[in-house]
1. Given 0.36 nm per residue, what is the gain on full extension from residue 350 to residue 374 after removing their alpha carbon distance, in nm?
2. At residue 343 and residue 104, where each label point lies 7 Å from the Cα along Cα→Cβ, what is the point-to-point distance in nanometres?
3. Quote to one decimal, in nm, the extra length available between residue 186 and residue 274 on full extension: 0.36 nm per residue of separation minus the C-alpha distance between them.
4. Express in whole angstrom the spacing between the alpha-carbon centres of region 338-380 and region 98-170.
5. If N is the number of residues in region 157-271, what value comes out of its Cα radius of gyration divided by 2.2 N^0.38 Å?
6. Mind sorting 100, 141 by how few other Cβ atoms lie within 10 Å of their own Cβ, fewest first?
7. Among 222-228, 393-399, 63-69, how do they line up by average Cβ neighbours within 10 Å per residue, starting with the highest?
8. Out of every Cα pair in region 6-63, what percent are spaced more than 19 Å from each other?
């Protein structure tokens, strides 16, 4: 399924609603863009205009993550402000809440929208999660020191002043550039995964997986890793893009690594509850998977049987640059959706696709960005088809696994 908003349209996050409808968010031109689909993939014409909604925050706006409240209202987080939607300058966290029909919820923020400034020139949200008490947690990065940035809002969109300092938290990993890409809530504590880029020289960095855990009030959980933080190096340039928590409390982070020195590969790491690498998983707690090109895992789901499902893209046509949210800067016309499924020990699940892997070609530059699981186990992957202008793109697959648990994160 592809959907055209009439411009350059990029889908970055998807969620399945309780009624089985599929909501997909991203941006069109310089505005937030949402589309809602019926279970059969057709646009839901009761939503917005013909199934589509766009929202302008007054600048270059990009919706990166979606979460659905228990009452069916939709929360979208991203960045808004003047500049380019990828290389934003003077941007802020941008948040909007929509009613079930796609109209802005005017009881939230100002006219349904909230913007939050950290004081830097480049603040942006990458992931949103709804707590069981209705409060809204958003994570991303701030241009103030280029650190992890977390914000928690009350249900009405006001800052939750019981969290951090005035509702905001910044975390520095001690390196040059830290960015939070995904959040999961487990046992009342907050797990945030992303990237920490250590400076090697004036013109070169060494990005690695970065993971932090917070108490409910926003303070770092010092029982986790070193002072609440963990950095994991695969031996190359890595980015952690999605985080999930297994039923046994172990933590999985996925993204990409170019440790092979020939191309980027899907990368995932599993940690024990205290933040140490789980050496029973893969090799020393780490796994990489090569699809034969430059590969990025952008989203993850942990299934009820412990299997781990990743979705993203593979580029077989040339070199590729990757955005902080896991999306590609186009480098060729040979980019496909890519999925991989792993057994609980980190080995590829041979019952899934071909040797544990699937690729899907829409006939152009096809970039998978987000994974959502239906209650019947079917797999929905959202992204976009290009090259330019691009359209929202969705696929659905029959699962090889039993009925899944809800996905742990919203990406990515």
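Throughout, read-outs are computed from the coordinates displayed, never taken from laboratory work. Note that the coordinates shown come from a computational prediction; the quantities given were computed from them, not determined experimentally. Positions of Cβ are backbone-derived with ideal geometry, glycine not excepted, and every protein chain shown enters the neighbour counts.
1. Working: separation 24, 0.36 × 24 = 8.64 nm, distance 2.20 nm.
Value of the extension gain: 6.4 nm.
2. In this crude label model, residue 343 to residue 104 measures out at 5.2 nm.
3. Numbers: separation 88, 0.36 × 88 = 31.68 nm, distance 1.30 nm.
Once the chain is fully extended between residue 186 and residue 274, it gains 30.4 nm.
4. Taking the Cα centre of region 98-170 as reference, the centre of region 338-380 is 31 Å away.
5. Working: Rg = 14.8 Å, N = 115, 2.2 N^0.38 = 13.4 Å.
Compactness ratio reported: 1.11.
6. Fewest-to-most ranking of 100, 141: 100, 141.
7. Details: 222-228: 15.1, 393-399: 18.9, 63-69: 26.0.
Ranked by mean Cβ neighbours within 10 Å, highest first: 63-69, 393-399, 222-228.
8. Numbers: 417 of 1653 pairs.
Cα-Cα pairs of region 6-63 separated by over 19 Å account for 25 percent.
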